[in-house]
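Q: Here it is, the structure in full.
Derivation of every value follows stated rules applied to the coordinates shown; laboratory data play no part. Worth saying up front: this structure is predicted, and the values here are computed from it rather than measured. Glycine also receives a Cβ, built like all others from the backbone with ideal geometry; neighbour counts cover every protein chain displayed.
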Amino acid sequence: MTTEASQPAMVSIRVTLNGTEQEASVEPRLLLVHFIRETLNLTGTHIGCDTTHCGACTILLDGTPVKSCTIFAVQADGREITTVEGLAAGGVLHPIQAAFTEEHGLQCGFCTPGMMLTGVAFLENNPDPSEAEIRRAISGNLCRCTGYVNIIKAYQSAAAKLRERGA
Amino acid sequence: MIPPRFHYHAPATLDAALSLLNDYGPEARVLAGGQSLIPLMKLQLAAPAHIVDINRIPGLDAITEENGTLHIGSLTREAALEASETVRAGYAILHDTAAVIADPLVRNMATVGGNLAHGDPANDHPATMVALGAQVVARSAAGERVIPVADFFEGPLATALGPGEILTGIQVPQPPAGSGGAYLKLERKVGDYATAGVAVFLTVNDGVCQQAGIGLTNAGPVPVKAASAENFLAGQRLTEETIREAARLAAQEAQPSADLRGSADYKRDMVRVLTGRAIRQALERVG
Ligand SMILES: Cc1cc2nc3c(=O)[nH]c(=O)nc-3n(C[C@H](O)[C@H](O)[C@H](O)COP(=O)(O)OP(=O)(O)OC[C@H]3O[C@@H](n4cnc5c(N)ncnc54)[C@H](O)[C@@H]3O)c2cc1C
Ligand code: FES
Ligand code: FES
């Protein structure tokens, strides 16, 4: 069957983005990160390497952190996406955002949205992690500024805040 | 980097996926975790006209143990394999392997089936599956066949899978009593492919090796089964001396090429060092 001549059909998708339903018609080759940044106009999700290495594009897909530069938007059809814009609720910072602020867990901030989203999912599964576990959890998110020390402190502080909130 | 255009199909059943693959033949590619295929497409190194996304097919991601076999569904994510209690308790070598593949975010998407189907000798699961004597289950519109993993890899990015076939699962024989295994990988940094990687699986009785499986990662155009080292070990008492000899034989079988990770000689020597260590660790784990 030869099909080169035919243009691929647009695909209509529906996602829940930060709690709100969104519908769009997309080209199959559109990457999820471009869909988020350019179709939905949320630019908190960054593109660092575009080669699946840096984790700047990390989002939560049904609660699981993944690299949105290496997923097609059509794959997200019917699923829930959380980006950094979805973390604060009612003008109040999420505990991990508060912790990154207080512990100076960022310098330029480019890696920060991805770092925080990885952290949200990680701390949900492991509310009282060791430093070694934190280092392992963030090994897919690269930071070129901080040397990671304050990011680890921010994770520890966020863990404490979340435990308190849960208690 | 914008991937080339393609027609997208997301069938809900295995039969529907097989029928699409049958229709489009070599113009179609299966999309599993996408963590190898999408990077290749972004680099314009792959340009399938049709993509058959198998992620919406239920039941392809189960890990079950029955009738002396561990069945790993092809869509099992590396993160799920790493977290599996069954795997941790009975197949430490598989746990070792999942834990050193890529990074935690990639492991949330990347699948065990994709790791084999991609046919990259730099991937980590092939060596482990070679050491374990695993089999690959492949389905096409014409039916199902089972392929020993040692016959599965045909060249760089080339496997025994035909264009109409989907790898549905991997079968690992349940370890006999007195078995232990380990996978060791030397990498420059998290997320890098192996400078050298060695999988060792042993069955031991009274200090004497009954059977050995040894697989090497990134040591040639296909995953290497270190048969001369395996044959040497079978029937040997495991001593420092015989372990060193097996390690030397495994290094001889490695055919690495020089790249940014090191020279061929260096890599071959790392195979020797890792083989010795993996045998010792496998021995410690014999249960
Ligand atoms: C930054 C980075 C680092 C990595 N590091 C490592 C590493 O250290 N070690 C390692 O082993 N891997 C590594 N990988 C590769 C990763 O594990 C791959 O994703 C994996 O090898 C392929 O699995 P996948 O499910 O993503 O397959 P896909 O990318 O979806 O597919 C890969 C190929 O296999 C075919 N395919 C997939 N599933 C099937 C199936 N069920 N039936 C038939 N054909 C199928 C596809 O058509 C395609 O040709 C890395 C990847 C990245 C991005
Ligand atoms: S931009 Fe996605 S991993 Fe770097
Ligand atoms: S704060 Fe600059 S990259 Fe992390």
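Q: Rounded to the nearest 500, what is chain B's calculated 222 nm mean residue ellipticity when only DSSP H runs of at least 4 contribute -39500 (n - 2.57) each, over all residues?
A: After summing the helix terms and dividing by the residues of chain B, the value is -9500 deg cm²/dmol.
Q: So what are the radius of gyration and Dmax for the Cα set of the protein assembly as shown, in Å?
A: For the protein assembly as shown, the Cα radius of gyration and maximum Cα-Cα distance read 22.9, 70 Å.
Q: Moving on to the next point. Can you classify chain A as rounded, prolate or oblate using the Cα gyration tensor, where a ≥ b ≥ c are the square roots of its eigenvalues, rounded means a/c under 1.5, and otherwise it's prolate if a/b beats b/c and oblate if not?
A: prolate
Q: Here's something else I'd like to know. Test of understanding: in a Gaussian network model of chain B with alpha carbons linked when under 10 Å, which of B:HIS95, B:HIS50, B:HIS125 would top the mean-square fluctuation ranking?
A: B:HIS50
Q: Here's another thing I want to ask about it. Could you compute the FRET efficiency for B:ALA142 and B:GLU241, with r as their C-beta to C-beta distance and R0 at 60 Å, rounded to 0.05?
A: 0.70
Q: Distance from the Cα centre of segment A:98-131 to that of segment A:15-63, in angstrom?
A: Cα centres, segment A:98-131 to segment A:15-63: 20 Å.
Q: Right, something else. Can you classify segment B:179-282 as rounded, prolate or oblate using the Cα gyration tensor, where a ≥ b ≥ c are the square roots of its eigenvalues, rounded means a/c under 1.5, and otherwise it's prolate if a/b beats b/c and oblate if not?
A: It comes out prolate by the Cα gyration axes.
Q: Another question, then. Which whole-number percentage describes the relative contact order of segment A:95-166, with Cα contacts under 8 Å and a sequence gap of 6 or more?
A: Value for segment A:95-166: 53 percent.
Q: Still on this structure: Could you tell me how many cubic angstrom of Cα convex hull volume segment B:34-134 has per residue?
A: It comes to 111 Å³ per residue, whole-number rounded.
Q: Determine the distance separating the Cα centre of segment B:212-240 from the Cα centre of segment B:259-287; give it in Å without decimals.
A: 11
Q: So, one more: Treat the count of other C-beta atoms within 10 Å as a stand-in for reagent exposure and order A:THR146, A:THR20, A:THR52, B:THR69 from fewest to most.
A: Final ranking by Cβ density, sparse to dense: A:THR20, B:THR69, A:THR146, A:THR52.
Q: Please compute the modelled spin-label separation between B:GLN44 and B:ALA264, points set 7 Å along Cα→Cβ, answer in nm with one decimal.
A: Modelled inter-label distance: 3.2 nm.
Q: Now for a separate question. How many percent of all Cα-Cα pairs in chain B sit more than 34 Å apart?
A: Of the Cα pairs, 19 percent sit more than 34 Å apart.
Q: Please arrange B:GLU27, A:GLU164, A:GLU133 by counting, for each residue, the other beta carbons lying within 10 Å of its beta carbon, fewest first.
A: A:GLU164, A:GLU133, B:GLU27
Q: Give the lysines reachable from B:LYS185 as a straight Cα distance under 21 Å; neighbours fewer than 8 places away on the same chain don't count.
A: Partners within reach: B:LYS225, B:LYS267.
Q: Here is a follow-up. Separation between the B:ARG277 and B:SER19 pseudo-spin-labels, each 7 Å from Cα along Cα→Cβ, expressed in nm?
A: 5.2
Q: DSSP beta bridges in the protein assembly as shown, what fraction antiparallel, as a percent rounded to 5?
A: Antiparallel: roughly 85 percent of the beta bridges in the protein assembly as shown.
Q: Related question: Would you order A:HIS34, A:HIS104 from fewest to most other beta-carbon atoms within 10 Å of each residue's own beta-carbon?
A: A:HIS104, A:HIS34
Q: Something else: Restrict the search to segment A:1-81; then list the GluC sites (Glu not before Pro) that DSSP places in a loop and that have at most 16 other Cβ atoms within 10 Å of their Cβ.
A: For GluC sites (Glu not before Pro) across segment A:1-81 that sit outside H, G, I, E and B with at most 16 neighbouring Cβ atoms in 10 Å, the list reads A:GLU4.
Q: On to the next question. Along segment B:216-233, what does the Karplus equation 6.51 cos²θ - 1.76 cosθ + 1.60 (θ = phi - 60°) give for ³J(HN,Hα), rounded to whole Hz, x for Gly and Pro?
A: Whole-Hz 3J(HN,Hα) from phi for segment B:216-233: 10, 9, 6, 10, x, x, 10, x, 9, 9, 7, 5, 5, 5, 4, 5, 4, 5.
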